[in-house]
Amino acid sequence: MNAATRIALATATTLAAAAAALAPVSAAPAAAAAAPALNYVALGDSYSAGAFVRPWDEGDGCGRSAVNYPRQAAARLKLRLTDVTCSAAEVRAGALEPQTEMGGPPSVPPRGGWTARPPQLRAVSAATDLVTVGFGGNSVGFAGIVQKCVEEGLARFGLGRPCTSYYSGGAGATALEGRITALRADFATLLKEIRSRAPHARVAVVGYPAVVDEAAGCRWGTWSQMGTVTKGDMPWLDSLERRVNTLLREQAAQSGAAYVDLYAGSAGHGVCSAGGQRWMYGIKDQLTGEGKQRDAPSDVCRMIPARGEACTVLHPNLAGVAHQAEVVTRALAALGAAGR
């Protein structure tokens, strides 16, 4: 082979390699095409719905925020989301069975009330790839317990531990223990039903963030915090929340689901924290989030002597929702939702 031939062959080889490198992406094999988006179903109560963080859906009384953690996680991980979270949802009346009582916002229902919601479980099917489950607080009656603590604290001018005493014995303790027992059974049923409907889905049980993990910064009678709940009762309320989270963690482990711990990362950012460190709305507070939506207060809410624009009753504010979204997104990525 003479020099001219070798040069010609080398040139041809170089040009062929360059042409291959410049070939359009569409010429790649079909097998290399992007994988389809995973189907993600979000089940849960107002903490999952992001209630009272603007902007929110107004049509059904569920108050789902446009920036709640299901929507933020789905956007970041490019998931196909079905969000059926709803304020006031319980495991039984909400997930397993229809829900007739909604918590909003809007907090004041239309004339005739809200239309009943079908069981959230119906959104889960064999086509579901990911499920988040955020229930428990309403099933144990947390809102009613806080109301009782407010009333007891007011009657005793902020002294003592009247709410702790009420729920530590007698009728109060009996009712609470019954609710916790029912929650354990209902949650096990819910996880079993999810597994039956979507046997290949990856499931994450989402716990609750810290609400009142310390009382030092709370002032009695301040409604943007805990209102008239005594400081002596706040440790018991925190212990109740941690007890619910422990129950959820145990149920997740028993069913083979992941558990998403929101409490640890939010400790120190509860309702008693100062300024921008507070990730939790108080009982009556100023709304957060973009937009100009307002929540017309109910008659009872108007009676509370505070300047807050809405009775937000201990829900994550915009900063709290951002923390939820960050932790849940990491958890879903760890379950295989990343890189789709």
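The values are calculated or read from the model by the stated rules, or taken from the named source; none is laboratory data. Computed from a predicted model, the values in this text were never measured in an experiment. In this analysis, Cβ positions are derived from the backbone assuming ideal geometry, glycine residues included, and neighbour counts consider all displayed protein chains. To get the accessible areas, we keep the full protein, side chains included, count just its heavy atoms, and leave off ligands, DNA and RNA. Shrake-Rupley method; radii C 1.70, N 1.55, O 1.52, S 1.80 Å.
Quick notes on this one:
- Dividing the convex hull volume of the alpha-carbon atoms in the chain by its residue count gives 184 Å³ per residue.
- Candidate cross-link partners of Lys148 among the lysines, defined by an alpha-carbon separation under 22 Å and a same-chain spacing of 8 or more, comprise Lys231, Lys284.
- In the chain, the calculated helix contribution to ellipticity at 222 nm averages -11500 deg cm²/dmol per residue, counting -39,500 (n - 2.57) for every DSSP H run with n ≥ 4.
- Of the beta bridges in the chain, as assigned by DSSP with both residues counted there, near 20 percent are antiparallel.
- Packing-based ranking, highest mean first, of 168-176, 213-221 given that Cβ atoms within 10 Å are counted: 213-221, 168-176
- All alpha carbon pair distances within the stretch 29-170 were sorted into 5 Å bins beginning at 0; the resulting P(r) in whole percents reads 2, 10, 15, 17, 15, 12, 10, 8, 5, 3, 1, 1, 1, 0, 0.
- Segment Glu97..Ala274, full-extension length gain: 59.7 nm, with 0.36 nm per residue of separation and the alpha-carbon distance subtracted.
- Residues in the chain average 46 Å² of solvent-accessible surface per residue, probe 1.4 Å, ligands and nucleic acids excluded.
- Average projection area in nm² (convex hull over Cα atoms of the stretch 119-266, one quarter of hull surface): 9.5 nm²
- Extension gain (nm, one decimal) between Lys78 and Ala143, 0.36 nm per residue minus Cα-Cα: 19.9 nm
- Residues Arg242 and Trp220, FRET efficiency given R0 of 25 Å [Cβ-Cβ distance, rounded to 0.05]: 0.60
- Of Val84, Val321, the residue with the largest accessible area leads and the full order is Val84, Val321 (1.4 Å probe).
- Label point at Ala322 placed 7 Å out along Cα→Cβ; residues across the stretch 46-60 whose backbone nitrogen lies under 15 Å: 53-55
- Here the label points at Asp57 and Lys192, each 7 Å from Cα along the C-beta direction, are separated by 3.0 nm in the simple model.
- For the stretch 113-175, the alpha-carbon coordinates run over 54, 28, 20 Å along the three principal axes, in decreasing order.
- Net length gained if the chain between Ser125 and Ala66 were fully extended (0.36 nm per residue, minus Cα distance): 18.8 nm
- Fraction of alpha-carbon pairs over 12 Å apart in the stretch 183-222 - percent: 73 percent
- Positive contributions from Lys and Arg (+1) and negative ones from Asp and Glu (-1), summed over other residues with Cβ under 14 Å from the Cβ of Cys218, come out at -2.
- Remark: accessible surface ordering of Cys149, Cys311 (largest first) is Cys311, Cys149, probe radius 1.4 Å.
- Size-normalised alpha-carbon gyration radius of the stretch 203-246, reference 2.2 N^0.38 Å: 1.31
- Within the stretch 112-210, the chymotrypsin sites (Phe, Trp or Tyr not before Pro) that combine a DSSP coil assignment with at most 11 other C-beta atoms in a 10 angstrom radius are Phe157.
- Taking all protein chains together and a 1.4 Å probe, the residues Thr164, Thr181 rank Thr181, Thr164 from largest to smallest accessible area.
- Projected label points at Ala35 and Arg156, each 7 Å from Cα along the beta carbon direction, are separated by 5.6 nanometres.
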